[in-house]
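Since the structure comes first, as structure tokens, the remarks are kept for the end.
No value in this document is a laboratory result; all are computed from the given coordinates. Everything numeric in this text was worked out from a predicted model, so none of it was measured. Cβ sites come from the backbone with ideal geometry, for glycine too, and all protein chains shown count toward neighbours.
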Amino acid sequence: MRNSVLLILLVLGAAMTGCGKREAAIAVRASESTAVTARVLTVAPESFLATVRVTGTLVSRSRVEVKAEVIGRITRFDKEEGAHVEAGEAVAWVDDENYQLSVKQAETAVKVAEAALERALLVESHSGSELERAGNLLKSGGITDKDLKAAQLAERDSAAQVTIAKAQIDQAHATLDLARKHVRDTVIRSPIAGEIQHKAINPGAYVEAPTALMTIVDNSRLELECSVASADLAALRAGQRVPFTVNSYPGKTFEGRIVEINPAVDQETRSAKVRVQVDNSGRKLKAGMFAQGEILTQMDTSAIVVPGNAVYRDDRSVKSAYVFVVLDGKAARRDVVVGRERDSKLEIVNGLRPGDRLIGEQTIEIAEGVRIQPRS
């Protein structure tokens, strides 16, 4: 009987031992089956170009509104909007008939004034001779002192008339010059080289100073005006390159350089205006176009740069974040500090070192201690 009980106990123990081994094996296989396959990158220094993204509008530094300086009817205005004009080129004409008549009138007034001066000079010469004769007669007793004073007065009066006649000639010449200027002003010329952006009148219209006739813009002297947040101003310098694009030319990149950073920050937007001189030698760009670009601020040849989707952060404006690295085959959380950002890549200024094995993607299966199977 005792031997039978002992046999039963041995059988039961062996059975329990077998179950334990099977459960342990199942647990091991379960642990191995929870390994997550993920892309694993080896962190290494690389070049990183820091930028400040900007948007703005292209404006012309040479934009002129041309206005009439005389009164009259437009007799000719052949140019249309978009047409190119050279500096000094005649683009519109005002009826000059009345102004030509004013010129003739002024020329006649000059001749009258010149004749008056000639007469005054003759009188002055005669008065001088009479005064000399009166002086000689006074010595011989031929005239009285009163007659001498009268001769002296006549000589001074004739000299004054000469002065008046000369002033009248100057006045007549000034009137003539003004009349001629009015005639010249009837031909309206472009003050700059450029394109007609807006044409305000057509032939037959009546104009007077200062009626606006047209607006001319020089697209060869374009600038990109954009606003930059005050937090990014410290990295900006005059001369920095600014590549940008416009919607009119998809896939084409244009170039500019910073020429001025406004010394004051707007109190409402907390940003400062930045002027970028644009190379428009090909004349493809036009004033008023919307542009998107980036200011190239710094090149770091030994930066730690990781894909943006490898970094966990709640807010893009917050520099603190975390990543997962692989240690002993398992995921380990690592706090990092984010620096600059460019093209979906982030600069890590603290928390990662060259040689670290970084999990280069985010997935809900990755957590602290999870086994990682690197994807080939």
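Values for this structure:
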read-out	value
Dipole of the range 217-376 [Lys/Arg +1, Asp/Glu -1 at C-beta], most positive-end residue of ALA332, THR269, GLY251	GLY251
GluC sites (Glu not before Pro) restricted to DSSP loop in the range 254-349 with at most 10 other C-beta within 10 Å	GLU268
Degrees between helix 97-140 axis and first principal axis of the chain (Cα, 0 to 90, nearest 10)	40
The chain: angle of helix 2-33 to the longest principal axis, Cα-based, in degrees nearest 10	20
Size descriptor, Kirkwood hydrodynamic radius, that averages inverse alpha-carbon separations across the range 292-338, Å	13.0
ALA193 paired with LYS146, simple spin-label distance in nm, labels 7 Å along Cα-to-beta-carbon	8.1
FRET efficiency, LEU121 to GLU81 (Cβ-Cβ, R0 51 Å, nearest 0.05)	0.30
Test item: Cα-centred dipole of the chain, Lys/Arg +1 and Asp/Glu -1 on Cβ, debye	2320
Residue of ALA154, ALA200, ALA291 that the Gaussian network model of the chain assigns the largest fluctuation, springs spanning Cα pairs under 10 Å	ALA154
Mean projection area, nm², convex hull over Cα of the range 228-347	10.6
Relative contact order of the range 96-185, pairs being alpha-carbon contacts under 8 Å that are 6 or more residues apart, as %	53
Relative contact order, percent, the range 115-263 [alpha-carbon distance under 8 Å, six or more residues apart]	14
Extension gain from VAL183 to ASP266, taking 0.36 nm per residue of separation minus the Cα-Cα distance	25.0 nm
Semi-axes of the equivalent ellipsoid for the range 96-185, Cα gyration tensor, largest first, Å	43, 9, 7
GLU97-ALA174 FRET efficiency (beta carbon distance; Förster radius 25 Å; 0.05 resolution)	0.65
Rg/Rg_ref, the chain, where Rg_ref = 2.2 N^0.38 Å and atoms are Cα	2.24
Members of LYS273/LYS345; LYS67/LYS286; LYS104/LYS199; LYS181/LYS284; LYS111/LYS139 lying beyond 32 Å, as alpha-carbon distances in this model show	LYS104/LYS199; LYS181/LYS284; LYS111/LYS139
